[in-house]
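> Supplied in C-alpha cells, the structure appears directly below.
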DNA sequence: GATGAATGAGCTTTCATTCAT
DNA sequence: TATGAATGAAAGCTCATTCAT
C-alpha cells in the first residue's frame, strides 16, 4: 500500500523538525526528504508553520482523546493519575519525535496559532490537574503544591521521549508502570497496593 | 559597576537563544539586544555558533566543577546522589535559560564542536553514573536498570528548568530536597532517614 | 532567437569578470547585467566561483579540442606549431575576455577546482610542448631552452587578448600569420618557406 | 638595518596584491603580513587604493626614469629599441610582482588616480613609440603597423613577469638579449649585426 | 606610534513562498 | 498533479575605514 503523499510529507517534517529543529529545517530539506520539489510541497501543506502546527495538534489531539477515553467515568483519582502517566509515558516512548516537537517548538508559532495549540495542551493537562486536585480533595493524595507536582510529573514523563530506546533493556510496560509508581509516590498515594493491574491499553 | 561588553553579549545570547532558539535568533537580534552593531558583535565572539558553544561549555563546566567539588571524597553513594540531584535542581532553577540551551541546542553544533560539548556533558553525567553504580555495588541501591534510572532522573531534574519560577509557592531548598528524596526512592534507597541534613550550599 | 537565460548569465559574467575582475564583480552586478534578481541568479549557477570555473573550463576545452583536431596526425612539427600559434592568436583575438579571465583569475579558484582547470590548461599546453620537443628531436627546430621558448611564445600570444581590436588596421589572418612567423623564427625554423599556405580555419 | 615600517607595508602589499589581486586582498591580510594592526596600517598608507597607486607609480616611474636615462641622446633607433626591450625584460624578470600589479590592476583605480597612472605608462610607452616611429622614418625599420607592433612587443615582454624564474636555465642577460633580437627582427631590422655589445646595465 | 573598539555598507548565499505552465 | 522559474527579504559574516585613548 503506497504511502499517501500528504502523509509522506508529514513524516518527513516530523523526522526533520525533531532532528534539526523547525528553524533548522529548510523547505528544501523537507522537499528532498519527501521526494518532491519545493513547489509541489505546497500542494500538501499550507505553509511550513501550518505543517508544524498540524503535527503538534495531531499529537496533542490523539493524546487528549486517548486520555479522555481512559479516564472518563473513572472515580478513583489514583487510577486516573496512574493511567494518565502510563499513557503519557507510552506515547512519549513510541512517538518521541512528535512529542519532542510539541515540547520544543511552541515558541515558533505565531500568537494565534500558538493559542490554539496551547489550548489543546491545556485541555490535556487539565485532566492531570483534575486527577491531582480530586485526589487531594478526597484525601487520597497529599501534596502541598499540586500545581508544582503536576508540572514536575509531566516534565519527568516528557523526558522519556529524550532517552527511551525500544532496543534498551526495559520493556515499555515495565517503564510505564515504574513511572506510574513514582508518580503516585510523589503525590503521597500508596502505590504498593497498585491501583489496578497492568494496563496494556493506550 | 559597568557590565563588560563581552558579558553583555553573552547575556543577550542566553536570553534570545533560550526564548527563540538558536536558529530562531538572528545576528541582528543579538546586536540589538546587546546595543551593538552587527559588525561590532564580531569583536566579542568568533561566530554565532562559537558563542553558543561557549555558553554551553561555560554552563557545563560550572556544573561539572561544582559537582566534583561536592562529591569528591564522599564515600556514601546516597549522599553523593543526593548532592548531585540538589545541585542539578538548583542550577536548573537558577539558570533555566543556560540549562535549556544546553538541553535543546546540541544538535546545532558542528561535529567537532559538538564532540567537545558532549565530552563535558559525559564527564558530568559520569559522576551520576558512578554514584548509582557504587550504590548498587554496595547494596545500598537496588535498581535493575542503572543506566535507565540515571537518564530518567537526569531528565526529571532537567524539567525544573522548564517550569520552576522563583515567584512560585515552593522554595528552592524545599524543591531540591524534594527531588533528592524522589531520586533516592527511585533507586530504592530509604530517604526517610535523610542521608544528611538540609544542605543549603551549591 | 531568444537567448537562453543560462547563456545570458554566462555572457554577463564574462563581460564583468573581464572588465572588473572576479573579486571586483559583485553578485548584484551580475544580476543587473543579466536582468535577474540575485536570487534568480542561483537557478542558473552553483556559485559565483563555479560560474567562473565553468567559463574557464569552457574556454580551455574549446581551445584544447580545436587544437587537438588541427594537429592530430600532422607529422611536421613546424606545421603543428604554426597551427597552434594561429589558433591561439585567433582565439585570443576573438574571445579576449574569456581568455583574459583564464589568464588572470586562476588564483581565485579553490584548490580542487583550480586543479581541474590547471589540468585542462596543462593538456592544452602539452600540445605546444610536444610540437616543440618533436621539432627539436627531428632537428627542424633549434632552441637551447624548449621550456622557456614555449612559455615565452604562449605569453606573447596571450598578449593579443589585451590589445587586439577588430577595428584596428590589421586583419586577423595577417595577425595570426605574423605571430606564426615570429614563433617559427623563435624556434629557429625557416618560416620564409612557409610550412603551409594561409590557413583560414580555426 | 631594520626595515622601515612603511617599506614593510609596501612589500606586504606587493606580495599579496600580486598573489591574490587587489580585491582579493583584505586590509586584514595586509595587516597580518605587515605584523601590524589594521588601525596601525593607516599610519603608513592613505588608503588601500592609494597604496596600490603608489606601488604602480613607483614601478612605472623607475621604469620611465631608467628608460629615459638609457635612451636620451641615442640617435640610432635600433639601439634605443634594443635597450628599451632589454630594460623592460630585466625589470619584469626582477620585479615580476610589481609589474604584474601594474598590468593587472589598473581597472581598479578610480578615474582620477587611473589617469595619473596611465599618464605615466603613456610617457613610458611613448619612448617605445618614438623609437619605432624614428626607425620607420629613417628606413631602418619596416613595419606596416607600428602601433600594433609596439603593443605586441610590449605584451611579449610583459609575459616574462609571468613565467621567468631566476632558478631557470636561462640567464637574465641571455634572456634580455634574446628578446631584443626578436624585437628587432619583428620590426624588420637586422639584429645579426647586433646594434651594440652586451649591455649589462639596467 | 600604536591599537582596541566601533560601524555603515556591503558581501555571497539561502530563505519561504508564488505563479505560469 | 507537478514543477521550473522567479523573487523580496533576510541570513551570517566581512569590508575598509575612523577615532579615542
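The values are calculated or read from the model by the stated rules, or taken from the named source; none is laboratory data. Being a predicted model, the structure only gives us computed values, none of them experimental. Backbone-built Cβ (ideal geometry, glycine too); neighbour counts: all protein chains shown.
> Spot the failing condition for residue A:6; the list is (1) closer than 14 Å to residue A:97 by Cβ; (2) outside the structural domain of residue A:110 (by TED's automatic domain parsing); (3) away from DNA strand E (no atom under 12 Å from the Cβ), and only one is missed.
Every listed condition holds for residue A:6 apart from (1).
Residues are listed down the side, and each one gets a yes or a no for (1) within 17 Å of residue B:98 (Cα to Cα); (2) away from DNA strand F (no atom under 12 Å from the Cβ):
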{"site": "B:18", "(1), (2)": "yes, yes"}
{"site": "B:25", "(1), (2)": "yes, no"}
{"site": "B:40", "(1), (2)": "no, no"}
{"site": "B:44", "(1), (2)": "no, no"}
{"site": "B:59", "(1), (2)": "yes, yes"}
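> Tell me, which residue of region A:50-62 that is in contact with a helix residue (DSSP H, G or I) (Cβ under 7 Å, 6 or more places away or on another chain) and away from DNA strand E (no atom under 12 Å from the Cβ) is farthest from residue A:105 (Cα to Cα)?
From region A:50-62, those in contact with a helix residue (DSSP H, G or I) (Cβ under 7 Å, 6 or more places away or on another chain) are A:51-53, A:55-57, A:59-61; that's our starting set.
In the following step, the residues that additionally are away from DNA strand E (no atom under 12 Å from the Cβ) were identified as A:55-57, A:59-61.
Details: A:55: 11, A:56: 9, A:57: 12, A:59: 13, A:60: 13, A:61: 17 Å.
For region A:50-62, the residue satisfying everything is A:61.
> Could you figure out which of (1) modelled with pLDDT of 95 or more; (2) more than 13 Å from DNA strand F (Cβ to nearest atom); (3) farther than 30 Å from residue B:109 by Cα isn't true of residue A:73?
(1)
> Limited to region B:163-182, what total is found for residues that are surrounded by fewer than 18 Cβ atoms within 10 Å (Cβ to Cβ) and either facing chain A (nearest Cβ under 8 Å) or part of a loop (DSSP other than H, G, I, E, B) (or both)?
Looking only at that region, the number is 7.
> Same structure, new question: Could you figure out which of (1) within 20 Å of residue A:163 (Cα to Cα); (2) away from every other protein chain (no Cβ under 14 Å); (3) over 15 Å from the mean Cα position of the chain (by Cα) isn't true of residue A:19?
(2)
> Let me ask something else. Is there a residue in region B:17-30 that is away from DNA strand E (no atom under 16 Å from the Cβ), buried (at least 22 other Cβ atoms within 10 Å of the Cβ) and not assigned by TED's automatic domain parsing to the domain that holds residue B:161? Before the answer, list the steps.
Going through region B:17-30, the residues away from DNA strand E (no atom under 16 Å from the Cβ) turn out to be B:17-19.
Adding the requirement that they be buried (at least 22 other Cβ atoms within 10 Å of the Cβ) leaves B:17-18.
When the remaining residues are screened for being not assigned by TED's automatic domain parsing to the domain that holds residue B:161, the result is B:17-18.
Looking for residues that are away from DNA strand E (no atom under 16 Å from the Cβ), buried (at least 22 other Cβ atoms within 10 Å of the Cβ) and not assigned by TED's automatic domain parsing to the domain that holds residue B:161, one finds at least one in region B:17-30, hence yes.
> Taking residue D:145, is it modelled with pLDDT of 95 or more, surrounded by fewer than 20 Cβ atoms within 10 Å (Cβ to Cβ) and within 8 Å of chain C (Cβ to nearest Cβ)?
No: the conditions fail for residue D:145.
> Taking residue D:201 and the conditions (1) modelled with pLDDT under 90; (2) within 14 Å of chain C (Cβ to nearest Cβ); (3) surrounded by fewer than 18 Cβ atoms within 10 Å (Cβ to Cβ), which numbered condition does it fall short on, given that it satisfies the others?
It is condition (2) that residue D:201 fails.
> Which is free of Cβ contacts under 8 Å to residues at least 40 places away in the same chain and either surrounded by 19 or more Cβ atoms within 10 Å (Cβ to Cβ) or in contact with a helix residue (DSSP H, G or I) (Cβ under 6 Å, 6 or more places away or on another chain) (or both), of B:93, B:152, B:119, B:112?
B:152 is the lone residue from the list that is free of Cβ contacts under 8 Å to residues at least 40 places away in the same chain and either surrounded by 19 or more Cβ atoms within 10 Å (Cβ to Cβ) or in contact with a helix residue (DSSP H, G or I) (Cβ under 6 Å, 6 or more places away or on another chain) (or both).
> It is to be established whether one or more residues within region C:179-192 are within 21 Å of residue C:57 (Cβ to Cβ) and touching a residue at least 40 places away in the same chain (Cβ under 8 Å).
Taking region C:179-192 first, the residues within 21 Å of residue C:57 (Cβ to Cβ) are none.
Within region C:179-192, not a single residue is within 21 Å of residue C:57 (Cβ to Cβ) and touching a residue at least 40 places away in the same chain (Cβ under 8 Å).
> OK, next. Suppose we keep only residues that are in a loop (DSSP other than H, G, I, E, B) and under 13 Å from residue D:184 (Cα atoms) within region D:123-142. Which one would you say is farthest from the other protein chains (Cβ to nearest Cβ)?
D:140
> Is one or more of the residues making up region B:30-49 touching a helix residue (DSSP H, G or I) at 6+ places or on another chain (Cβ under 9 Å) and in contact (Cβ under 8 Å) with a residue 40 or more places away in the chain?
Checked region B:30-49: at least one residue is touching a helix residue (DSSP H, G or I) at 6+ places or on another chain (Cβ under 9 Å) and in contact (Cβ under 8 Å) with a residue 40 or more places away in the chain.
> Filter region B:32-42 down to the residues that are more than 8 Å from DNA strand E (Cβ to nearest atom) and over 21 Å from residue B:104 (Cβ atoms), then identify the one that is farthest from the chain's Cα centre (by Cα).
B:32
> Just checking, which of D:10, D:94 is more than 14 Å from chain C (Cβ to nearest Cβ), modelled with pLDDT of 95 or more and more than 21 Å from residue D:155 (Cα to Cα)?
After ruling out the rest, the residue left standing is D:10.
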